[in-house]
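The next block holds one structure in the form of structure tokens; read it before the comments.
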Amino acid sequence: MIVGVGGQGTLLASRVLGSVGMREGCDVKVSEIHGMSQRGGSVVTYVKMGGKVHSPVIEEGEAHIVLAFEKLEALRWIRYLRPDGRIILNSQRIDPLPVILGESRYPDGVIREIKKRCPNVQVADALETARKCGNPKTMNVVLIGLLARSTRIKKETWLKALRDVIPERLLEVNLKAFEEGYNYSLV
Amino acid sequence: MKMLLLGNEAVARGAYESGATVATAYPGTPSTEITEALARYEEIYSEWSTNEKVALEVAAGASFAGARAICSMKHVGLNVAADPLFTLAYTGVNGGLVIAVADDPGMHSSQNEQDSRFYARAARIPMLEPSDSQECKDFVKEAFYLSEKFDTPVLVRLTTRVAHSRSMVELGEREDYRLKEYVKDEGKYVMMPAMARKRHGELEKRMAKIREFADESLLNRIEWGDRSIGVITSGVAYQYAREALGDVSYLKLGMVYPLPRKLIARFAKEVETLYVIEELEPFIEDQVRKMGIKVIGKELFPVVGELSARLISERVLGKKKELMDPPLEQLPVRPPVMCPGCPHRAVFYVLKKLRFTVNGDIGCYTLGALPPARAMDTCLCMGASVGMAHGMEKARGADFRKKTVAVIGDSTFIHSGITPLIDLVYNKGNSTVIILDNSITAMTGHQHNPSTGYTIKGEPTIAVDLVKLAEAVGVKRVRLVDPFELKELEKILKEETQADGPSVIIAKRPCALLKQVKFGPQVTVDRSKCKYCKACMVLGCPAISDTGDGIKVDEALCVGCGLCIELCRFGAFVKKAGEKSGGA
């Protein structure tokens, strides 16, 4: 399950994961929501793969992995994780409009609250890593790199999937971002 | 070859493989990608039509002329196209005619969650309902076949979860479809009373044949499993049910109108407890009950919103799932917002300042209803703003009218704002209509429209001149303004609302997400000038925040549009000297 804020590149990430699933010979369903929520709202994309996938939707308590592009969104959707699931988290904070307007408060200790509920959390500053690669928009691919390392799927498959989805002119910087994510040293 | 396709892309592929040569649509979530995908096929003439009624008429013309044609829209678009739809059921077709309609249960991006299956029954047009992308492709091909076999348009209904889910599709070859001969036949194609009476009779004969077909068609299939539970279902609800209930027995309907009555009766006889599991209205359930069959349906499942596997599991099997603790405090919501640099922000800022009553319309700018602007009073359907402003004047008189406007986007205005503007002029109205001309159909993902000067395939074409159009229908007071000129905009708004006679104000500035839009350097705050009055917070720009001890501009978000510079009385916002443009 990929959660984040509209404009962060969740859709592209879900398409890469879908392609990985297909290359692994799985049945795959990727469920996106287009339209209004894309304008800076909270967005969630479901990626399911396996023998036979029926429902395209992931429901509460079902996700093996939550790939979170923003920490408040990770906490918002945490109930969708299975008890033994894990979270790969970009430590970025993006204030929602009610916080910007001073009507609500961005909660303190978001990562602590996440860790209380899920022992298996990997936190990375993927945005900073992406910046160092030369394009902050590759943050999504840094996170994919981080995810790739912790799966049994061959690295080569991930690289092929990236080539399936990302346009030629942006490939180089994204492959670099993937490598950085793949080799990211977690604290 | 297999590909991972959106349901919408698979619908397009189905039309392509069927040899379709004409595709029409008005964009609307969750249907838009069907026609975007169709436009990528060189062999298919595709267009963004001005609205869904026109789209269906163009497709009908193509069908009568002998081509296979597909017309796509969202559920509420079918309301707009309902006029030609009902009579097309009488005329039938020549080349196959398929109408793809995408419902939005749960209203992810819509103003209602109406169930378009009722249109199939009301107009007496067969309707197919796929449950994944492979079926989207296969069912569209079957729909073209049925359309020609039975001489009828065929509806294919999607819902958001089918339209916007990617799943695997086996691609096939394009059929070498030759145009059917066009033969003048006024008895079939000219619907006036004498001919229509005959055609209505034909329609009923045709329906009897299609009912027989439904009982034999492979579109409807029984999957036998444990017979203690039998489920009649279709579309994405079938997928939810399979996930929740596993190996029970299913009657999966691929054709939801007309229903296969014999098949249903046979299935019902062989299972102990029969459920109908369907999203939204009890469309199938009511018909099954009418057959005298005992069935469980909407007493267990809601008519509001989407179904889910969990809901089905809970209600049918009584299973509850243990979930982890919810987050301790109420988390701040993250609603969608107008983008940094959005031209609409300026208009709503001024409308809020003037405390006008604002009749809104459908588009990104409907976000003007949300905080901090909250500068919208009504939003009903495409084009409603203009007529509603006029109605408000007729109800409450001149004083009220002088503080009331209609706000409508360029594409929405062309879709259905022109006729109410003529109504307003003709019936001696005095309302002010603001056309937010951002030179694109933005909300649905940047489609061209008749005011942008480009076709769906990106070819240059004649652009509608909105000023001349307004003048031509009799509006004497037409004003053009850049909404980022806040003072000028406010002045014009005051003048036009005060003036007698109808006014049109065209607030023209392109969508900030368009590639050609470049604003120059980003903005920063000069702390020595900032009085911390927070007037800028009213803009609701995601890039401007109140840090508690001052105002800050977020570098990652600022595009350098400079609206805050225009607004601040103390000159506290300044462009960063010599820096590169802000990135959108």
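If the chain linking residue B:549 and residue B:468 were pulled fully straight, counting 0.36 nm for each residue of separation and taking away their Cα-Cα distance, it would gain 24.1 nm. Every helix of 4 or more DSSP H residues in the protein assembly as shown counts as -39500 (n - 2.57), and over all residues that averages to -11000 deg cm²/dmol at 222 nm.
Compared with the direct C-alpha span, the chain from residue B:273 to residue B:419 gains 47.2 nm at full extension, assuming 0.36 nm per residue.
Using a cutoff of 8 angstrom between alpha carbon atoms and counting only pairs six or more residues apart, the relative contact order for region B:99-187 works out to 34 percent. Along the Cα-to-C-beta direction of residue B:121, a point sits 7 Å from the Cα; which residues of region B:269-291 have their amide N less than 12 Å from that point? Taking a point 7 Å out along Cα→Cβ of residue B:121, the residues of region B:269-291 whose backbone N falls under 12 Å are B:281-291. For the cross-link pairs B:428/B:476; B:262/B:319; B:531/B:552; B:518/B:576; B:74/B:508, which exceed 23 Å when the distance is taken from alpha carbon to alpha carbon? Result: B:262/B:319; B:74/B:508 exceed 23 Å. Applying 1/(1 + (r/R0)^6) with R0 = 30 Å to the Cβ-Cβ distance of residue A:64 and residue B:3 gives a FRET efficiency near 0.75. Taking 7 Å steps out from each Cα toward its Cβ at residue B:179 and residue B:485 produces label points 5.0 nm apart. Residues within the reach of a label modelled at residue B:446 (point 7 angstrom out along Cα to beta-carbon, backbone nitrogen below 14 Å), restricted to region B:496-510, are B:510.
The residue B:374 and residue B:400 beta-carbon pair, evaluated with R₀ = 22 Å, returns a calculated FRET efficiency of approximately 0.70. Binning the C-alpha pair distances of chain A at 10 Å intervals from 0 yields a P(r) profile of 9, 38, 39, 12, 1 %, listed from the shortest bin outward.
The protein assembly as shown gives an Rg/Rh value of 0.98, both radii derived from C-alpha positions and Rh following Kirkwood. This model, with +1 at the C-beta of Lys and Arg and -1 at the C-beta of Asp and Glu, gives chain B a dipole about its Cα centre of some 1280 debye. For chain B, the relative contact order comes to 11 percent (Cα pairs under 8 Å, sequence separation of at least 6).
Modelled label positions at residue A:164 and residue B:538, each set 7 Å beyond Cα in the direction of Cβ, lie 5.2 nm from each other. With distances taken between every two different alpha-carbon atoms, chain B has a Kirkwood hydrodynamic radius of 26.3 Å. With unit charges on the beta carbon (Lys/Arg positive, Asp/Glu negative), name the residue among A:6, A:81, A:94 whose Cα is farthest towards the positive pole of the charge dipole of region A:2-182. The one lying farthest along the dipole's positive direction is A:81. Identify the residues of region A:140-176 with backbone N under 20 Å of a label point that sits 7 angstrom from the Cα of residue A:120 along the Cα-to-Cβ direction, or state none. It comes to A:143-155, nothing else.
Across chain A, the relative contact order, built from alpha-carbon pairs under 8 Å that are at least six residues apart, equals 20 percent. A straight chain from residue B:171 to residue B:262 at 0.36 nm per residue would run longer than the Cα-Cα distance by 29.4 nm. State the antiparallel share, in %, of DSSP beta bridges confined to region A:2-182, rounding to the nearest 5. About 45 percent, rounded to the nearest 5.
Restricting the trypsin sites (Lys or Arg not before Pro) of region B:280-378 to loop positions (DSSP other than H, G, I, E, B) with no more than 16 neighbouring Cβ atoms within 10 Å leaves B:294, B:298, B:319, B:320, B:321, B:355, B:374. Its Cα centre serving as origin, region B:523-575 has a Cβ charge dipole (Lys and Arg +1, Asp and Glu -1) of approximately 220 debye. The charge dipole of the protein assembly as shown, taken about its Cα centre with unit charges on the Cβ of Lys, Arg, Asp and Glu (plus for the first two, minus for the last two), comes to roughly 1080 debye. Of A:87, A:100, A:65, the residue with the greatest mean-square motion in the GNM of chain A, using alpha carbon springs below 10 Å, is A:100.
Positive-end ranking of B:532, B:561, B:543 along the dipole of region B:523-575, with charges on Cβ about the Cα centre, is headed by B:532.
Here, each number is a calculation from the coordinates, and none is a lab measurement. Just so it is clear, the structure is predicted and the values come from calculations on it, not from any experiment. Every residue, glycine among them, receives a Cβ derived from its backbone with ideal geometry; neighbour counts consider all protein chains shown.
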